[in-house]
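First the structure, in the form of structure tokens, and then the observations on it.
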Amino acid sequence: MAVTGGILVLYLVAHMAGNLKIFLGASDYDQYAAWLRTIGEPALPHRWLLTGIEIVLTASVIGHMWSAVSLARTAHLARPVKYAARKKSHASGYAVHTMRYGGIVIAVFIVWHLLDLTVGAVNPAGGGATPYAKVVADFTPSRWYITLFYVVAVVLVGVHLRHGIRSAAQTLGLLNGRNATGYNLLAAVVSTLLVIGFLAVPISVTVGWVK
């Protein structure tokens, strides 16, 4: 879970950086999107980079979900009968529920996001539109509910990420009493920056800063 989560975090950082190019204008944004599909041509096949990334991401998502189910099952089998009395912190229960149910919402969001801005099947501009046109058409003020859905989903990604970074550090043996505060701060900073970066685009389109 820690390794697959790390791969997904690296992708999120790169994806966010690419998304922010929309503030440079339609031409720069569309050129960047085209570059991702044609990089290395003609020596390399068309879209080889994106295809490779998609394969790695699909394997990582499946592996991440499989790890979550396996860990939950292992924990249940290790203690099938609940303790008669057990103190459970509010923070611990919150984290568990957020990671579990938030992960389901995030999975649904990923499917919608692909159908929306990648394939274009549910995008108002259609699959043949430019990447810039798809984004603007998707988050237009009249479709505020789509923006709201993205806001909720991205915030859940941030919460999931914050807990995940700390858990990954603990799993990999990097977390101890002396550096716990540092890793908590790192998790908070990384998750907050990613949430702000991802939400900057849909919110800017909705309020009219990007047209």
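Bear in mind these aren't lab numbers, they're just calculated from the coordinates by the rules spelled out. None of these values were measured; they are calculated from a predicted model. Neighbour counts are summed over all protein chains in view; Cβ atoms, including those assigned to glycine, are modelled from backbone coordinates with ideal geometry.
Charging the Cβ of each Asp and Glu at -1 and of each Lys and Arg at +1, and nothing else, the dipole of the chain about its Cα centre rounds to 1120 debye. Taking the C-alpha atoms only, the angle from helix 2-19 to the longest principal axis of the chain is near 30 degrees. When the charge dipole of the chain is built from unit charges on Cβ atoms (+1 for Lys and Arg, -1 for Asp and Glu) and taken about the Cα centre, the candidate among 9, 141, 23 whose Cα reaches farthest toward its positive end is 9.
Between rounded, prolate and oblate, where does region 5-66 land on the alpha carbon gyration tensor, with a ≥ b ≥ c its root eigenvalues, rounded for a/c under 1.5, else prolate if a/b exceeds b/c? The partial results should precede the final answer.
Values: a/c = 3.49, a/b = 1.36, b/c = 2.56.
Oblate.
Would any residue of region 172-211 have its amide N under 11 Å from a label point 7 Å out along Cα→Cβ of residue 130? List them or say none. Within reach of a label on residue 130: no residues. In the chain, Cα pairs under 8 Å separated by at least six residues give a relative contact order of 27 percent. Counted residue by residue at 0.36 nm each, then reduced by the alpha carbon distance between them, the extension gain from residue 31 to residue 55 reaches 6.3 nm. For region 93-211, rounded, prolate or oblate, judged on the Cα gyration tensor with a ≥ b ≥ c (square roots of eigenvalues), a/c < 1.5 rounded, else prolate if a/b > b/c? It is prolate, given that a/c is not under 1.5 and a/b is the larger ratio. Name the residue, out of 140, 130, 58, whose mean-square fluctuation peaks in a Gaussian network model built on the chain with Cα pairs under 10 Å. Highest fluctuation among the options: 58.
Expressed as a fraction of 2.2 N^0.38 Å, the rule-of-thumb size for a compact globular protein of N residues, what is the C-alpha radius of gyration of the chain? Mind showing how you got there, number by number?
Working: Rg = 19.6 Å, N = 211, 2.2 N^0.38 = 16.8 Å.
My calculation over the Cα atoms of the chain gives 1.16.
Modelled spin labels at residue 75 and residue 41, positioned 7 Å past Cα toward Cβ, are 4.7 nm from each other.
Using alpha-carbon pairs under 8 Å, 6+ residues apart, how would you state the relative contact order of region 1-73 in percent? Reported as a whole number, the value is 42 percent.
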